[in-house]
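Working notes, beginning with the structure itself.
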Amino acid sequence: MIKRDLLSTDIIESVKQENCFRAIRYFFAISLMLVHITTVMGLEQFMPFTGALCVKVFFVITGFLVVFSYCRTADIWMYARKRITRVFPAYLAVVLLCFLLGVFESRLPVREYFSSWQSYRYLLSNAVFLNFLEPCLPGVFEDNSLHAVNGSLWFMKVEVIFYICVPFFVFLLCKYRKWLVLLSVFLFSVAYNVCFSYMYARTGNEIYHLLQRQFFGQLIYFFAGAAVLVWFIPFRKGVKWFSVLGVLLLLLSFAGDLFLYLEPLGLALVIVTIAYYARFLNRINRIPDLTYGLYLYHFPIAQTIIAHHVHQYSVTLAFSLIFATTILVSWLSYRFVESKFRI
């Protein structure tokens, strides 16, 4: 198949070496939790980076690992099965649980809650990744600073669209010059971001800001990860120089304006360098990968604890309860949902 032309045997064997992507995912999943918890509590942020950066790192890792997975999968149907069983069971579980357990947090009587069209609009729109159509449940978290049941889920539709597009992108990378395809995607994504950023600044209409962070706006991060994969052998041979280049690109991105668009490649170079050369982090591979569960479940758990005003009594207690409950629920999800379906 044509996709096998993208990665040489040397690249495949090199990428398969032990790495610490799991440790990186844990770090940024927990960091994102902290950002979201402080946000919903109305506290001042103390993290050195934003939630947006955490999500961008996930996109970079996805671009690297999912393209690699697709190129090593026998056929497109097996690839689809792997992606579906990886994403859908836990995702649908959190949507369904929020829908069912939301009745206990709602101000509405049970009968009115389950007869409300908003409840089913939430269930249906979130089940198909259109979270923006209905982020709230009737009478739930109305006294919280944010009313959305699970503000983390917007990320998932972008991720799923990328999964769907991977076969097409790999086809282009195999059929045409790789540098030309990657440069074209880069320029298109930059143009998309600039256009919607300008429209948002000019009109103040939130829809432009929302559209800016959707699939085409984030494509540059996926493809940055894919670019490092495609040229993984030169990257490994010159890793010292590439890692320095990555740091320089990240520093330059702080200058703003068009320099912002140096960030994706800088992130990709730094993240992949850490993944293969920070070997002391490989110990994290011994523990189960709960990162997906941490991402999915922390927001509604935090919203619930805040709705009961625990943070007003003790912020430390609220943080502890949120983390302990999220870890427990993530383990249960990993043990009884994700592991049951994963291929």
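The values are calculated or read from the model by the stated rules, or taken from the named source; none is laboratory data. Only a predicted model underlies this, so the values are computations on that prediction, with no experimental measurement involved. Using ideal geometry, Cβ is built from the backbone for each residue, glycine included, and neighbour counts are taken over all protein chains shown. Remember, those area values only see protein heavy atoms, side chains included, never the ligands or the DNA or RNA. Shrake-Rupley method; radii C 1.70, N 1.55, O 1.52, S 1.80 Å.
Which angle between 0 and 90 degrees, to the nearest 10, do you get for helix 291-307 versus the longest principal axis of the chain when only C-alpha atoms count?
30 degrees
State the percentage of accessible surface on the chain attributable to carbon and sulfur atoms; use a 1.4 Å probe and exclude ligands, DNA and RNA.
Of all accessible area on the chain, carbon and sulfur atoms account for 67 percent.
With +1 on each Lys and Arg Cβ and -1 on each Asp and Glu Cβ, and nothing else charged, work out how big the dipole of segment 77-177 is about its Cα centre, in Debye to the nearest 20.
780 debye
Output the Kirkwood hydrodynamic radius of segment 13-81, Cα pairs only, in Å rounded to one decimal.
Result for segment 13-81 stands at 14.2 Å.
Can you work out the base-10 log of I(q)/I(0) for segment 258-307 at q = 0.14, 0.15 1/Å, using the Debye formula on its C-alpha atoms alone?
The calculated log intensity ratios at q = 0.14, 0.15 Å⁻¹ are -0.67, -0.73.
What figure in square angstrom, to the nearest 10, would you give for the accessible area of Met47 with a 1.4 Å probe?
40 Å²
Could you state the number of Å between the C-alpha centres of segment 162-232 and segment 1-78?
Taking the Cα centre of segment 162-232 as reference, the centre of segment 1-78 is 16 Å away.
How far is helix 315-333 tilted, in degrees, relative to the longest principal axis of the Cα atoms in the chain, given as a value from 0 to 90 rounded to the nearest 10?
The helix 315-333 is inclined about 70 degrees to the chain.
If the convex hull of the alpha-carbon atoms of segment 86-237 is projected onto planes in all directions, what is the mean projected area in square nanometres?
So the Cα hull casts an average projection of 12.0 nm².
By how many degrees, 0 to 90 and rounded to 10, does the Cα axis of helix 263-277 deviate from the longest principal axis of the chain?
So the inclination is approximately 80 degrees.
Let me know the Rg and Dmax you get for segment 94-159 when you use only its Cα atoms, in Å.
According to the Cα coordinates of segment 94-159, Rg and Dmax are 11.3, 36 Å.
Normalised by the empirical 2.2 N^0.38 Å for globular proteins, what value does the Cα Rg of segment 126-211 take?
In units of the globular-protein estimate, segment 126-211 measures up at 1.48.
Might you tell me the accessible area per residue for segment 250-289, computed with a 1.4 Å probe and given in Å²?
Computed with neighbouring chains in place, this is 58 Å² per residue.
Name the residue from Ser339, Ser253, Cys54 whose Cα lies farthest towards the positive end of the charge dipole of the chain, charges +1 on Cβ of Lys and Arg and -1 on Cβ of Asp and Glu.
Final value for the positive-end residue is Ser339.
Using square roots of five times the C-alpha gyration tensor eigenvalues, list the equivalent-ellipsoid semi-axes of segment 176-245 in whole Å, biggest first.
Ellipsoid half-lengths, sorted descending, are 31, 13, 9 Å.
Putting +1 on Lys and Arg Cβ atoms and -1 on Asp and Glu Cβ atoms, find which of Ser8, Asn150, Ser31 reaches farthest to the positive end of the dipole of segment 1-157.
Of Ser8, Asn150, Ser31, it is Ser8.
At 25 °C and 0.890 mPa s, grab the translational diffusion coefficient of segment 230-289 from Stokes-Einstein with a Kirkwood Rh over Cα pairs, rounded to a whole number in µm² per second.
This corresponds to a translational diffusion coefficient of 195 µm²/s.
Output the pairs from Lys82/Lys157; Lys175/Lys237; Lys16/Lys175; Lys56/Lys157 with a Cα-Cα distance over 19 Å in this structure; if there are none, say none.
Lys175/Lys237; Lys16/Lys175, as the Cα separations exceed 19 Å there.
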